[in-house]
Amino acid sequence: SQQGEEDPQALSIQEGENATMNCSYKTSINNLQWYRQNSGRGLVHLILIRSNEREKHSGRLRVTLDTSKKSSSLLITASRAADTASYFCATDEGGGGYQKVTFGTGTKLQVIP
Amino acid sequence: EAGVAQSPRYKIIEKRQSVAFWCNPISGHATLYWYQQILGQGPKLLIQFQNNGVVDDSQLPKDRFSAERLKGVDSTLKIQPAKLEDSAVYLCASSFPPRGAGRDTQYFGPGTRLTVL
């Protein structure tokens, strides 16, 4: 089953604009991760935010986490054509020594040059 | 550092045939995952190994799917017999255990695209 629901399902923006995508989930988590998937390729890890963190930055990426609302957002600033991809949130609700990761449904981002 | 290797990259089979996928994780990664990604959806975990032991196989259709991880390194995922709805990309990923700083990242292979006719 999919833990995370992402919106929008698809997003089309002009190069240079910011892109925001959201993820909602259902259960308590240890951390939330965002991954990028280019067409026909494997997933690439972008950023991880732990349950006790509220905001995290990495380059042009900004992730927020609101555990009370069970939601997260990913902001890509100054988008580039190369950012065109599908973006997935993944929640880790595992206990003990291993992860139990569930991926969301994904947001398909198109950045128009 | 070499990434996660998978083969084959593409496979086309008839329904009721069998198929096997192979994965070689990043050296030193004790945790290995197999995911099924149907077109337009997010990856769904099929099975998770820690070394050569199964940690989670709750979503693996055990009547037709099987997986093993010999000697805690390479892994194979088999489908026998295949159904039309098994058409998907099968992704392998690996990570360090246990959890901790920098250890929660999963590294994905390029996947195997399976088409069942």
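Here the mean projected area of the convex hull built on the C-alpha positions of the protein assembly as shown is 12.4 nm². The range B:1-31 and the range A:37-68 have their alpha-carbon centroids 27 Å apart.
Within the straight-line cut-off of under 18 Å between alpha carbons, the lysines reachable from B:Lys15 are B:Lys62, B:Lys78, B:Lys83, sequence neighbours fewer than 8 places apart in one chain being disregarded. Do you know the relative contact order of chain A, to the nearest whole percent, from alpha carbon pairs under 8 angstrom that are 6+ apart? Worked out over chain A, it gives 38 percent. Taking a straight line from the alpha carbon of A:Lys26, these lysines sit under 24 Å away, with near neighbours fewer than eight places off in the same chain left out: A:Lys56, A:Lys69, A:Lys70, A:Lys100, A:Lys108, B:Lys44. Each Lys and Arg contributes +1 and each Asp and Glu -1, all at the Cβ; summed about the Cα centre of chain A, the dipole is approximately 180 debye.
In a shell of Cβ-Cβ distance under 12 Å around B:Gln80, excluding B:Gln80 itself, what net charge do Lys and Arg (+1) and Asp and Glu (-1) give? Taking every other residue near B:Gln80 into account, the sum is +4. Summarised in one figure, the compactness ratio Rg/Rh of chain A, Cα atoms and Kirkwood Rh, is 0.96. Note on the range A:5-112: dipole from Cβ charges, positive end direction compared against A:Thr77, A:Val111, A:Thr27; the farthest Cα belongs to A:Thr27.
What does the charge count near A:Glu93 come to, summing +1 for each Lys or Arg and -1 for each Asp or Glu among other residues with Cβ under 10 Å from its Cβ?
Details: positive: A:Lys26, A:Lys100; negative: A:Asp92.
Here the count lands on +1.
Across the options B:Cys23, B:Leu46, B:Ser94, the greatest Cα extent toward the positive end of the charge dipole of the range B:5-110 (unit charges at beta carbon of Lys, Arg, Asp, Glu) belongs to B:Cys23. Here the Karplus curve 6.51 cos²θ - 1.76 cosθ + 1.60, taken at θ = phi - 60°, turns the phi angles of the range A:52-63 into couplings of 9, 9, 10, 8, 8, 10, 8, x, 8, 9, 9, 10 Hz, with x standing for Gly and Pro. Rounded to the nearest 20 debye, the dipole size of chain B about its Cα centre is 200 debye, using +1 on the Cβ of Lys and Arg and -1 on the Cβ of Asp and Glu. Value of Rg to Rh for chain B, rounded to two decimals, is 0.96; Kirkwood radius and Rg both from alpha-carbon coordinates.
Normalising the average separation of contacting C-alpha pairs (under 8 angstrom, six or more residues apart) by the number of residues puts the relative contact order of chain B at 36 percent.
A short reminder: the numbers here are calculations on the coordinates, not readings from a lab. On a predicted model such as this, the values are computed, not experimentally measured, just so you know. Cβ: placed from backbone, ideal geometry, glycine included. Neighbour counts: every protein chain shown.
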